[in-house]
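The values are calculated or read from the model by the stated rules, or taken from the named source; none is laboratory data. All figures in this text were calculated on a predicted structure; none of them were measured in a lab. Note: ideal-geometry Cβ built from the backbone for every residue, glycine included; neighbour counts use all protein chains shown.
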Amino acid sequence: MTIRNLSILAMFLAFISGARPQSQFLEAIKNESSVTYRLVHPLHEIEATSKDVAFKLEIDPAKKEIKSVSAQVDVTTFDGGNSNRDSHAMEVIDAITYPDVTFSSTAITQTGDSLQVAGKLTFHGVTNDISATAVTNWTEQRIDVQARFPLSLTAFKIERPSLLLIPVNDTLWFDLKAVFNRN
């Protein structure tokens, strides 16, 4: 191969490698990230948080775009501040048989700092399509993502617990906070 042909090949390879979008894969900082659920009963609200959640992003840093999202949390890591109530919640969702909740995005629409994320969520052994709205904040060092979405307990085949013969609302609200280092 001549030097001229090698130069052309080198330029072609540089062009191809520069033409492909560059993805970066990030994992959330555990002690700064969390997922909280809120369950409402006509007499009171129950809230519990886990800081042991694994959030992952695929981003295009040049475009400041999030390309995919995934998450996993062990349901036994939620702490509501009342061990008896937390234990009962684990019985209701059969945490021994179904310890993990997982999410994987299937589509993301980004408009500025706002995201509409659609994906598959598996909870209590049932997988359903869900969507959530999220807000991102990009800095040179970090990406902060906050999201909120509802789930129907009955859609995931969970019998709604009752207090004084009154069942909790069917909607379980989730608030997510995920913090990622960009370095």
I'm trying to understand the selection: among the residues of the range 138-158, which are more than 15 Å from the chain's Cα centre (by Cα) and in a strand (DSSP E or B)? W138, R142, S152
Out of all the residues in the range 33-81, which are of a type in the set (D, E, K, R) and over 27 Å from A107 (Cβ atoms)? E45, E47, K51, D52, D79
Per the list (1) hydroxyl-bearing (S, T, Y); (2) in a strand (DSSP E or B); (3) at pLDDT below 95, residue check on S105 breaks on (3)
Test Q146 against the criterion of being at pLDDT 95 or above and not small (G, A, S), and give yes or no. yes
Residue satisfying condition, being without any contact (Cβ under 8 Å) to a residue 40 or more places away in the chain, farther than 18 Å from V40 by Cα and among the β-branched types (V, I, T), within set V117, V135: V135
Members of the range 147-168 that are surrounded by 15 or more Cβ atoms within 10 Å (Cβ to Cβ) and either at positive phi or touching a Lys or Arg at 6+ places or on another chain (Cβ under 8 Å) (or both): L153, V168
Those residues of the range 92-102 which are surrounded by 14 or more Cβ atoms within 10 Å (Cβ to Cβ), among the aliphatic types (A, V, I, L, M) and either at pLDDT 90 or above or assigned to a helix (DSSP H, G or I) (or both), in sequence order: V92, V101
Is there a residue in the range 53-62 that is touching a Pro at 6+ places or on another chain (Cβ under 6 Å), in contact (Cβ under 8 Å) with a residue 24 or more places away in the chain and either farther than 17 Å from D175 by Cα or outside any strand (DSSP E or B) (or both)? yes
Could you check the range 169-183 and list, in sequence order, the residues that are surrounded by fewer than 17 Cβ atoms within 10 Å (Cβ to Cβ) and either touching a Leu at 6+ places or on another chain (Cβ under 6 Å) or within 16 Å of V69 (Cα to Cα) (or both)? D170, D175, N181, R182
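Would you please name the residue that is modelled with the lowest pLDDT, looking only at residues in the range 67-91 that are farther than 22 Å from K51 by Cβ and not polar (S, T, N, Q)?
So, considering only residues that are farther than 22 Å from K51 by Cβ and not polar (S, T, N, Q), the one modelled with the lowest pLDDT is E91.
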Sort out which residues of the range 49-94 are of a type in the set (D, E) and within 14 Å of the chain's Cα centre (by Cα), and write them in order of number. D52, E58, D74
Looking only at the range 111-137, count how many residues are surrounded by fewer than 17 Cβ atoms within 10 Å (Cβ to Cβ) and either part of a strand (DSSP E or B) or aliphatic (A, V, I, L, M) (or both). 14
Given the conditions (1) touching a Phe, Trp or Tyr at 6+ places or on another chain (Cβ under 6 Å); (2) aliphatic (A, V, I, L, M); (3) loosely packed, with under 13 Cβ neighbours inside 10 Å, report the number of the one that A107 does not fulfil. (1)
